[in-house]
Amino acid sequence: MSGDAEEAGLAATFRRLIVNTGPISMLQYMGEANARYYASRDPFGSAGDFITAPEISQMFGELIGLWLADMWIRGGRAEPVHYVELGPGRGTLARDALRAAQRFGLRPRIHFIESSTALRALQLASVPDALWHHDLSSVPMEGPILLVANEFLDALPVRQMVRVAGGWRERMVGLEGDRFVPVAGDRPMDAAIPDDRRNAHEGTIVETCPGAAATVFEVAGRLARQGGAALFIDYGYDQVRYGSTLQAVRAHRKVDPFETPGEADLTALVDFATMAQIAQSRGARCLGTVGQGYWLKALGIEARADALAKSSPEQDAAIRAALDRLTGDDQMGSLFKVMGLAGPGWPEGAGFA
């Protein structure tokens, strides 16, 4: 079935559902659209819809590998130790990180949390020793985990509440003619809004991500029980904010998130402030949340760029461009955040001071 036929099928399904039963939740719309999107394609790279940091430069994965190795060494070199990656893309980050970590004796068992058959095939080519899981429940409970989630939480579906004249309602997806549009639901939802936000002015939107909260809750529980450390890297914010952050990307351009469900990557900014609170509630330590540019520079990405440029002078311009893209405040440096977590008794993490 072609991509257009896939999209038409999903859009037609949504339209029939809305006509017959009324508007669907934003959570359902985003969740089903992204499930269809990721199951059917390799969305990464110049030929896909977007490029992630590991595909920009090997420096990104290498520094993550060195950070993990440093945490493991200072944490006591426990064995067995497990490298766990949520949504590992093409396996590029893991390949680069594990190569760097091996130089310091870290050779963990490798676990990928991935549901896409198409992406699993690419990951197998990059990291043939990996074991695949649908979720964290089948990852071993013995030994510390070193977990990485790069641009994973942002693709999990969000729930939105909107303040209307009569109080709070869930923000849904309805139809205006043949077009999908956001609409307010008809059921009162005031009880779902925290007390300190309940009196916001009309039109205010509160956005939450149940999937991200559940993921961080589970990871933090593993860290508290097994030990280890985790890095969550994504574009997001670390202060409470209001408004919808839903957006869509297709062929490296922002598009209308309601135009082609299942054919564009739907994402939302990650609420790192809430994620940190959830992690701490489970007994994990939050090492901090900082900008990606700050974190990479603290770990020595500029020196690594100099070394790469010296060994491959013909690649100097490309290396400098990649460095700027990963760390520049007008690129990924400020918008993208790095949140570090660790088990009780584990050391502080480099880059978060």
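Here's a check for you: in the stretch 31-66, which residue that is assigned to a helix (DSSP H, G or I) and at pLDDT below 85 is surrounded by the most Cβ atoms within 10 Å (Cβ to Cβ)? Write out each step before concluding.
Of all residues in the stretch 31-66, those assigned to a helix (DSSP H, G or I) come to 31-39, 53-56, 58-66.
Imposing the further condition that a residue be at pLDDT below 85 reduces the set to 38-39.
Details: 38: 19, 39: 14.
Ranking the candidates gives 38 first.
So which residues in the stretch 98-146 are touching a helix residue (DSSP H, G or I) at 6+ places or on another chain (Cβ under 8 Å), in a strand (DSSP E or B) and either surrounded by fewer than 22 Cβ atoms within 10 Å (Cβ to Cβ) or without any contact (Cβ under 8 Å) to a residue 40 or more places away in the chain (or both)? Answer for the stretch 98-146, where residues must be touching a helix residue (DSSP H, G or I) at 6+ places or on another chain (Cβ under 8 Å), in a strand (DSSP E or B) and either surrounded by fewer than 22 Cβ atoms within 10 Å (Cβ to Cβ) or without any contact (Cβ under 8 Å) to a residue 40 or more places away in the chain (or both): 110, 112, 113, 132. Apart from one condition, residue 259 fits all of (1) surrounded by 19 or more Cβ atoms within 10 Å (Cβ to Cβ); (2) modelled with pLDDT under 95; (3) charged (D, E, K, R); the exception is (1).
Tell me, which residue of the stretch 74-92 that is part of a loop (DSSP other than H, G, I, E, B) and of a type in the set (A, V, I, L, M) is surrounded by the fewest Cβ atoms within 10 Å (Cβ to Cβ)?
Kept after step one, since they are part of a loop (DSSP other than H, G, I, E, B), are these residues of the stretch 74-92: 75-81, 87-91.
Pick out the ones that are also of a type in the set (A, V, I, L, M) and you get 78, 81.
Details: 78: 12, 81: 20.
In this case the residue turns out to be 78.
Close contacts from the stretch 217-229, counting a first residue that is among the aromatic types (Phe, Trp, Tyr) and a second that is outside any helix (DSSP H, G or I), with Cβ to Cβ under 8 Å and a gap of 6+ residues or different chains, come to 217/282.
Screening the candidates 153, 122, 131, 98 for the property of being out of contact with any Pro (no Cβ under 7 Å at 6 or more places or on another chain), closer than 30 Å to residue 29 by Cα and at pLDDT 95 or above yields one hit, 153.
Specify which of the listed residues (71, 1) is surrounded by fewer than 18 Cβ atoms within 10 Å (Cβ to Cβ) and either over 30 Å from residue 318 (Cα atoms) or modelled with pLDDT of 90 or more (or both).
Numbers: 71 fails: surrounded by fewer than 18 Cβ atoms within 10 Å (Cβ to Cβ).
The conditions single out 1.
Among the conditions (1) at pLDDT 95 or above; (2) of a type outside the set (Ser, Thr, Tyr); (3) within 30 Å of residue 312 (Cα to Cα), the only one that residue 26 does not satisfy is (3). Of all the criteria given as (1) buried (at least 23 other Cβ atoms within 10 Å of the Cβ); (2) of a type outside the set (S, T, N, Q); (3) touching a helix residue (DSSP H, G or I) at 6+ places or on another chain (Cβ under 8 Å), the one not satisfied by residue 95 is (1).
Being surrounded by fewer than 22 Cβ atoms within 10 Å (Cβ to Cβ), under 19 Å from the mean Cα position of the chain (by Cα) and either over 27 Å from residue 293 (Cα atoms) or of a type in the set (D, E, K, R) (or both): is that true of residue 201 here? Full working, then the answer.
Values: surrounded by fewer than 22 Cβ atoms within 10 Å (Cβ to Cβ): yes; under 19 Å from the mean Cα position of the chain (by Cα): no; either over 27 Å from residue 293 (Cα atoms) or of a type in the set (D, E, K, R) (or both): yes.
So residue 201 fails the test.
Within the stretch 318-353, which residues are closer than 20 Å to residue 153 by Cα and surrounded by 19 or more Cβ atoms within 10 Å (Cβ to Cβ)? Those that are closer than 20 Å to residue 153 by Cα and surrounded by 19 or more Cβ atoms within 10 Å (Cβ to Cβ): 326, 332, 333, 336, 337, 338, 339, 340, 341, 342. Within the stretch 296-330, work out how many residues are without any contact (Cβ under 8 Å) to a residue 24 or more places away in the chain and within 21 Å of the chain's Cα centre (by Cα). Selection size over the stretch 296-330: 1.
Exactly one residue out of 212, 224, 149 is in contact with a Gly (Cβ under 7 Å, 6 or more places away or on another chain), part of a helix (DSSP H, G or I) and of a type in the set (A, V, I, L, M, F, W, C), and it is 224.
The values are calculated or read from the model by the stated rules, or taken from the named source; none is laboratory data. In this text the structure is predicted, and so the values were computed from the model without any measurement. Cβ atoms come from the backbone with ideal geometry, glycine included; neighbour counts cover every protein chain shown.
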